[in-house]
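Asker: Take a look at the following structure, please.
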Amino acid sequence: MNSGSGPRAGHALRSWCRLALLAACLAGLPGAVALAQKLATIDPDAHYPEGPLWRDGKLFYVEYAQSNIKTWDGGRVAVWWHKDKCGANALIPFSGHLLVACYDDNSVVEVDGSGRQLRVVRADSSGKPFIGPNDFAADGHGGIYFSASGVYDIKAPITGAVLHMSADGGNVTEVANTIHYSNGLTLAKDQQHLLVAEMLAGRVLSFVIGPDGRLGARTVWARLEDLAPPTPHEDAYNGPDGLKLGPDGNYYIAQNGSGRVLVVDENRKLVRMIEVATPYVTNMAFGANGADTVFVTGAFEQWKPPFPGAVYRWTR
């Protein structure tokens, strides 16, 4: 009997073949998850969490249902800020401070590093109030874009908008409107377009960026139904929520209602999916090591209080 042909060697060879076949199959599946990838729950008791942001070695995120900003330092969760009836929905750094989108209060609040409120903005520079500020994106020049979604009702008038705040904070301009619930938004890889999640239309729009942050004509960048197969029991509210360009050059789309984040390249090809237990995925952020760590926020229930949810850390 040859030394390489005994029962143990044959078993090892068959095992190796099965693993090789599995690896080959996984490699050929769009969105296949590598075996080394892990998902951990870092806050199992978050009440409709949103807007995660990695800052100063901590994860900051909001609790919409509690009007809180919470932090996670790698081991402990704590409440960092609270404002009654705010309905905190998103965070972004701005001029060394933080901006908070207060969805229920129809305002954007600026706070300093200690959480002290510095100012509240409720309308654009023409005096027009905005309804339902939802998410933020940096414009690459010190200013920011933010969505004002309107009413979360598929039967309501389509009043979603995008606004731009100048780098000095002194000018707030409506730059797009008539969007069916504008939600997440991100600067595109070419820095010349702004992508906006049109949640209740189930698609992502693209706008050409003009002078002073103004937006030009819109086109449809992608429909979710063209990016990934549908999940069971999808309804009319299933659509893109948070939207970000990742450090790896891929786009990350939180599919609210399907319990997953779609990761697609600039050609709109599915790279992978990050699946979590919360069906109502709201947003994501990246850790200190870039796209190798993705923080994901989501809710188990989005229609009834106390809106239980969780915050996850996905690593590879």
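Asker: Select from segment 162-249 those trypsin sites (Lys or Arg not before Pro) which occupy a DSSP coil region and have at most 16 other Cβ atoms within 10 Å, ordered by residue number.
Answerer: Numbers: sites: Lys189, Arg203, Arg214, Arg218, Arg223, Lys244; in loops: Lys189, Arg214.
Answer by residue number: Lys189, Arg214.
Asker: Of the listed peptides 293-303, 148-158, what is their order by residue-averaged count of other C-beta atoms within 10 Å, with the highest listed first?
Answerer: The most tightly packed comes first, giving 293-303, 148-158.
Asker: Calculate the length of the line joining the C-alpha centroid of segment 168-201 to that of segment 120-138, in whole Å.
Answerer: Between the Cα centre of segment 168-201 and that of segment 120-138, the gap is 12 Å.
Asker: What part of the accessible area of segment 128-242, given as a whole %, is carbon or sulfur when the probe is 1.4 angstrom? Don't jump to the answer; show the numbers that get you there.
Answerer: Working: 2600 of 4850 Å².
Carbon with sulfur: 54 percent of the solvent-accessible area.
Asker: Assign unit charges at the C-beta atoms only (+1 for Lys and Arg, -1 for Asp and Glu), then state the dipole size of the chain relative to its Cα centre in Debye, rounded to the nearest 20.
Answerer: Values: 28 positive and 31 negative charges, 193 e Å.
In debye, rounded to 20, the chain gives about 920.
Asker: Gaussian network model of the chain, Cα springs within a sub-10 Å range: biggest mean-square fluctuation belongs to which of Ala65, Ala137, Ala217?
Answerer: Ala217
Asker: So, in Å, what gap is there between the alpha-carbon centers of segment 260-316 and segment 78-94?
Answerer: 20 Å
Asker: Okay, moving on. Taking amide H atoms as placed 1.01 Å from N in the peptide plane, list the residues 5 or more away in sequence, or in a different chain, whose amide H sits under 5 Å from that of Tyr237.
Answerer: none
Asker: Using a 1.4 Å probe, what is the accessible area per residue for segment 162-316, in Å²? Don't skip to the answer; put the middle values down first.
Answerer: Working: 6040 Å² over 155 residues.
Dividing the accessible area of segment 162-316 by its residue count gives 39 Å².
Asker: On the first, second and third principal axes, largest extent first, how far apart are the outermost C-alpha atoms of segment 49-189 in Å?
Answerer: Between the extreme Cα coordinates on each principal axis of segment 49-189 lie 43, 34, 31 Å.
Asker: Further question: Which residue, Pro93, Pro240, Pro305, tops the fluctuation ranking in a GNM of the chain built on C-alpha contacts under 10 Å?
Answerer: Checking each option, the largest mean-square fluctuation is seen for Pro305.
Asker: Would you list the P(r) distribution for segment 122-230, with all Cα-Cα distances sorted into 5 Å bins from 0 and each bin expressed as a whole %?
Answerer: Over segment 122-230, the share of Cα pairs per 5 Å bin runs 2, 13, 24, 25, 19, 10, 4, 1, 0 percent.
Asker: Further question on the same structure: Take the Cα pairs of segment 60-128, get the Kirkwood Rh, then feed it into Stokes-Einstein at 37 °C and 0.692 mPa s and tell me D in µm²/s. Spell out each step's value before the answer.
Answerer: Details: Rh = 12.3 Å.
My calculation gives 266 µm²/s for D.
The values are calculated or read from the model by the stated rules, or taken from the named source; none is laboratory data. This is a predicted model, so every value here is computed, not measured. Note that each Cβ is placed from the backbone with ideal geometry, even for glycine, and that neighbours are counted across all protein chains shown. Just the protein is used for accessible areas: all its heavy atoms, side chains included, with ligands, DNA and RNA removed. Shrake-Rupley method; radii C 1.70, N 1.55, O 1.52, S 1.80 Å.
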